[in-house]
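Structure, as C-alpha cells:
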Amino acid sequence: MKIKILFAGLMTILVLSALSAETYPPEGWTTDILAAIAESEKTGKDILLNYTGSDWCVWCHRLRDEVFDTGTFKSYAEENLILVFLDFPNSIDQSKELVEQNQTMASLFGVQGFPTIWLMDSEQVPVLQTGYLEGGAEAFIRTLETNRVDLDEAKRLEFQTIVREGIRGNIGTW
C-alpha cells in the first residue's frame, strides 16, 4: 500500500513538473540568427534581438511578463517581427554553437547588460536599442515604432556591412 501511495505521489510530481516546464526558447522565438535573417529578408519583417539572462535576470523576467507574454505584443510581433532569443543563462544547458553565436552577437552589438533589445530592419541595419521600459506592451511597441534612428544611406550601408560581415565572419552565411 505504501509503495502505491509513494508511486502515485512521484507520478504526480513528474506530471506537474512536465506541465510547469517552460518551452525553451519561448514559443514564437528562435535561437537561430541565420534563419531569422533569411526569414526577415523574405518577409520584410524587422528582427528583434532579445539579449537575456532567462534564468537569473529579474529585469528580463519583468520584460517577459509585462511585454513579451502579452497578447498585445504577440499579435504585433506576429505581423511585424522575427523574434530572436539570445540567452545567457546560468543553469540552462546550451550547445557550444549556440553559446558561441550568442557571444558573437553580444560582442557585435556591444551588449553589456541584460535585458538589451536591438531592433534591426530587414536589411540588417540596427535601428533601435532599448531594454526594459515601464508601461507594458503598448509603451514597448510605441518605442519600437517611434524611436528608430533615421540613418542616411551612407550610415545605413556602414552599419549593414558591419553587422553582415560580423555575422558571416563569425557565425556563418544565410
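The values are calculated or read from the model by the stated rules, or taken from the named source; none is laboratory data. It should be emphasised that the depicted structure is a prediction, and the values quoted were computed from it without experimental measurement. Using ideal geometry, Cβ is built from the backbone for each residue, glycine included, and neighbour counts are taken over all protein chains shown. These accessible areas exclude ligands, DNA and RNA; they are computed on the full protein's heavy atoms, side chains included. Shrake-Rupley method; radii C 1.70, N 1.55, O 1.52, S 1.80 Å.
The calculated FRET efficiency for Asn80 paired with Glu100, based on their beta-carbon distance and R0 = 45 Å, is about 0.95.
Net charge near Trp118: determine it from the other residues with C-beta under 13 Å of the C-beta of Trp118, scoring Lys and Arg +1 and Asp and Glu -1. Summing Lys and Arg as +1 and Asp and Glu as -1 gives -1. Projected label points at Trp56 and Gln129, each 7 Å from Cα along the beta carbon direction, are separated by 2.3 nanometres. Farthest towards the positive end of the charge dipole of the chain, among the residues Pro89, Gly172, Trp118, is the Cα of Pro89, using unit charges on the Cβ of Lys, Arg, Asp and Glu.
Dipole size of the chain about its Cα centre, with +1 on Lys/Arg Cβ and -1 on Asp/Glu Cβ: approximately 620 debye, rounded to the nearest 20.
Solvent-accessible area of the chain (1.4 angstrom probe, protein heavy atoms only): carbon and sulfur portion equals 53 percent. Between Leu157, Leu34, Leu83, which gets the highest mean-square fluctuation from a Gaussian network model of the chain, Cα cutoff 10 Å? Highest fluctuation of the listed residues: Leu157.
Here the gap between Thr146 and Thr161, fully extended at 0.36 nm per residue and compared with their Cα-Cα distance, gives a gain of 3.0 nm.
Heavy atoms of the protein chains alone define the surface here; on that basis the chain has 58 Å² accessible area per residue at 1.4 Å probe size. The simple spin-label model puts a point 7 Å past each Cα toward its Cβ; for Thr72 and Ser91 those points are separated by 3.3 nm. Relative protection proxy for 48-58, 109-119, from highest mean packing down: 48-58, 109-119 (other beta-carbon atoms within 10 angstrom).
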